[in-house]
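Enquirer: The structure that follows is given in the form of structure tokens.
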Amino acid sequence: MMELNALRQFLVVSRLEHLSRAAEELRVAQPSLSRTIARLEAELGVPLFDRSGRLRLNDTGRIFRDHVERALGELEAGRRAVTEATTQGLGAVRLASETFLTLTAPLAAFKRSHPAAEIQLHWSPPEDMARRLRAQEIDLCVASQPIHHPGLQSARLFEDEVGAAVPLDHPLASRASVTIDELADQSFVTARSGHWLRRLLDRLFAAHGLTPKIVCESDEHSAISDLISAGLGIGLVPAYARRSTTRAPLAWIPIDDPGSRRTVNLYWATDGHLSTAARLLRTTITDWNWTARG
């Protein structure tokens, strides 16, 4: 009989494809984790990982992983449904996003309307969002880049222009617009690889056969505007952040490229259990007047 803890450990190993890092995240000894995976494979009668060189989840392992994610997700959904029914409350809602700046106003309005609802906010890169929704680790997520998975539903929230932010004394500061070619020699302050802002920067430059000159990658996305204002470089900043942030004095210049935009969507799992709080927050976010944001 497969143990739940063994299945949870398998999911971490399958995600990281690295035993020592998985053991560190799980806070277990690596030999113990290795034995757990070996027992699981022995019970199934097939290997779940390729071990020639780096540890890799094989085709059988991917099939098993998908079923384990759904099974554990259903168990978690059942636990939460029972808690919600027995407490006769709104329950909790778990929302993931790459940034919560965009969501500050609707979240505040939701909390004012439903003070008893518990809100849990999780930062998450978009490549993890589909998995976390399927596993019902989160209820909703907001992403600035498409998430393609057949088990998800989505609602488009808004489309946002992305411009170039420069210090006020920068030679481009007075321009009405700027082209990608004109930005080719500039130093950029941006997010790390995988974040939508970095992907957009790389995509815009690649379309012109160029590579951006990156002088700073920041995990603290709220600090990007401050670093640009301090003269360390220039960067891409969405129009929403330009209107919502007044800390850093910057010049914001539209980019003369139709691809310099982001589309923000809300996602949830098609077959996932949503608490009352999650359904109410979904309605709040989808019904929000995004055209008047900022």
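Enquirer: Specify which of the listed residues (LEU40, LEU7, LEU11) is assigned to a helix (DSSP H, G or I) and without any contact (Cβ under 8 Å) to a residue 60 or more places away in the chain.
Expert: Among LEU40, LEU7, LEU11, only LEU40 is assigned to a helix (DSSP H, G or I) and without any contact (Cβ under 8 Å) to a residue 60 or more places away in the chain.
Enquirer: Among the residues of the stretch 60-73, is there at least one that is out of contact with any Lys or Arg (no Cβ under 9 Å at 6 or more places or on another chain), of a type in the set (S, T, N, Q) and exposed (fewer than 13 other Cβ atoms within 10 Å of the Cβ)?
Expert: Checked the stretch 60-73: no residue is out of contact with any Lys or Arg (no Cβ under 9 Å at 6 or more places or on another chain), of a type in the set (S, T, N, Q) and exposed (fewer than 13 other Cβ atoms within 10 Å of the Cβ).
Enquirer: So, one more: What number of residues in the stretch 43-58 are over 11 Å from VAL13 (Cα atoms) and part of a loop (DSSP other than H, G, I, E, B)?
Expert: 8
Enquirer: Also: Do you know which of the residues in the stretch 186-204 that are part of a loop (DSSP other than H, G, I, E, B) and at pLDDT below 95 is nearest to ALA230 (Cα to Cα)?
Expert: Per the stated criteria, the residue is ARG192.
Enquirer: Do you know which of the residues in the stretch 244-294 that are modelled with pLDDT under 85 and over 26 Å from GLY163 (Cα atoms) is surrounded by the most Cβ atoms within 10 Å (Cβ to Cβ)?
Expert: So, considering only residues that are modelled with pLDDT under 85 and over 26 Å from GLY163 (Cα atoms), the one surrounded by the most Cβ atoms within 10 Å (Cβ to Cβ) is GLY272.
Enquirer: Among what's in the stretch 9-41 and is surrounded by 14 or more Cβ atoms within 10 Å (Cβ to Cβ) and of a type in the set (Lys, Arg), pick the residue that is farthest from ARG56 (Cα to Cα).
Expert: ARG21
Enquirer: Return the residues of the stretch 157-185 that are in a helix (DSSP H, G or I) and under 25 Å from PRO249 (Cβ atoms); say none if nothing qualifies.
Expert: Residues satisfying the conditions are GLU182, LEU183.
Enquirer: Also: Among the residues of the stretch 221-243, is any at pLDDT below 95, within 21 Å of the chain's Cα centre (by Cα), charged (D, E, K, R) and surrounded by fewer than 17 Cβ atoms within 10 Å (Cβ to Cβ)?
Expert: No, the stretch 221-243 contains no residue that is at pLDDT below 95, within 21 Å of the chain's Cα centre (by Cα), charged (D, E, K, R) and surrounded by fewer than 17 Cβ atoms within 10 Å (Cβ to Cβ).
The values are calculated or read from the model by the stated rules, or taken from the named source; none is laboratory data. Treat the numbers as computed from the prediction; the structure is a model and nothing was measured. In this analysis, Cβ positions are derived from the backbone assuming ideal geometry, glycine residues included, and neighbour counts consider all displayed protein chains.
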